[in-house]
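The values are calculated or read from the model by the stated rules, or taken from the named source; none is laboratory data. All values derive from a computational prediction rather than experimental measurement. A quick note on method: Cβ atoms are made from the backbone with ideal geometry, for glycine too, and the neighbour counts reach across all protein chains shown. Side chains included, ligands, DNA and RNA excluded: accessible areas come from the protein's heavy atoms. Shrake-Rupley method; radii C 1.70, N 1.55, O 1.52, S 1.80 Å.
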Amino acid sequence: MALDRKPNPNDLSAFWMPFTANRQFKKAPRMFVAAEGMHYTTSEGRQVLDGTAGLWCCNAGHCRPKITEAIARQAAELDYAPAFQMGHPIAFELANRIIEIAPKGMEHVFYTNSGSESVETALKLAIAYHRARGEGARTRLIGRERGYHGVNFGGISVGGIVTNRKVFGTLLGGVDHLPHTHLPALNAFTKGQPEHGANLADELERIVALHGAETIAAVIVEPMAGSTGVLLPPKGYLEKLRAITRKHGILLIFDEVITGFGRLGSAFAAQHFGVLPDMMTTAKGLTNGVIPMGAVLTTAEV
Ligand SMILES: Cc1ncc(COP(=O)(O)O)c(C=O)c1O
């Protein structure tokens, strides 16, 4: 199906695309104009298999009638209502349904507009949690090299993708990073979780010794990283991170923006790997990518 939306290369100057070689793109634009199931349709009418599910967004496939009908119905019935002091029953129903499929121990949901905003929210909640318990010195945030946590200041600061970080100067203060776990020399050709690398979680002890546990609010990692290659956690790594964070009173945040909503087979990576964090950030698959929306899940304690 060729839709009548062939781009005119002279009309592409206003929109500057993120994470894209813009001049190259605009010389030879690749436009998707429709989608169904597992395929996109290009402006030339070519079918393209969506092998990354819209970069981990469209977990249920494209343009599912149940989803598009629900959106159309809701937009016609109540398009927007303020989110403070007033509510909508479906927001509460959705939270309950998320908790139903979440790992046991996750009890609360806080909505956001994206994965990036979920990350900022979780980092802020971590600092606020400690302050509320009289531990206001716990403001330090620990991320990991090669990590991706979106495009806002907090997320870039705890993230570990050099090209995303280096243009923004010092970013957030009080941030440190665990080493990444990509060890091709030891783990090449591994099927499933790599055998080597759990010891890299012990680096957290070094960071705690350097800064003092009483200054550290949270550690954030993707349980399975997906932005500098698909990097599975080494066997035992997440368990070790959980044990060390617990020992030092540090919150553990799993960034499940990619892994949430069935990506690994279980609803969340926390269930797949059997490790319960204190908070989980989600987005993408939450709405099948159709509506910009995210959610932070927390334990009752947080
Ligand atoms: C692990 C992770 N965290 C956060 C984000 C940011 O999500 P969003 O693009 O919805 O802001 C992404 C996006 O790819 C991600 O993969």
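For the range 81-299, what is the Kirkwood hydrodynamic radius in Å, using each pair of distinct C-alpha atoms? About 17.6 Å, per the Kirkwood formula over Cα pairs.
Pairs of Lys residues in the chain that lie 8 or more places apart, or on two chains, and have C-alpha atoms under 24 angstrom apart add up to 14. Contact order for the range 240-302, expressed relative to its length and based on alpha carbon pairs under 8 Å spaced 6+ residues apart, stands at 29 percent.
Hull volume per residue, based on the alpha-carbon atoms of the range 171-234 and their convex hull, is 104 Å³.
Kirkwood radius and radius of gyration were both taken over the C-alpha atoms of the range 9-70, and their ratio Rg/Rh is 1.03. Entry comment: accessible area of the chain is 55 Å² per residue, from protein heavy atoms only and a probe of 1.4 Å. In the chain, the DSSP beta bridges split such that about 60 percent are antiparallel, to the nearest 5. Shape class for the range 173-302, computed from the alpha carbon gyration tensor (a ≥ b ≥ c): oblate, with a/c not under 1.5 and a/b at or below b/c. Solvent-free Debye calculation, one equal scatterer per alpha-carbon of the range 1-136: log10 I(q)/I(0) at 0.13, 0.14, 0.16 Å⁻¹ equals -0.92, -1.01, -1.16. Computed over the range 143-199, the P(r) curve from all C-alpha pair distances, binned at 5 Å from the origin, holds 4, 19, 24, 17, 12, 12, 9, 2 percent per bin. Taking the protein heavy atoms of the range 116-199 in the context of the full set of protein chains, the accessible area attributed to carbon and sulfur is 56 percent at 1.4 Å. In this rough spin-label picture, where each label sits 7 Å from Cα along the Cβ direction, the residue 27-residue 77 distance is 5.1 nm.
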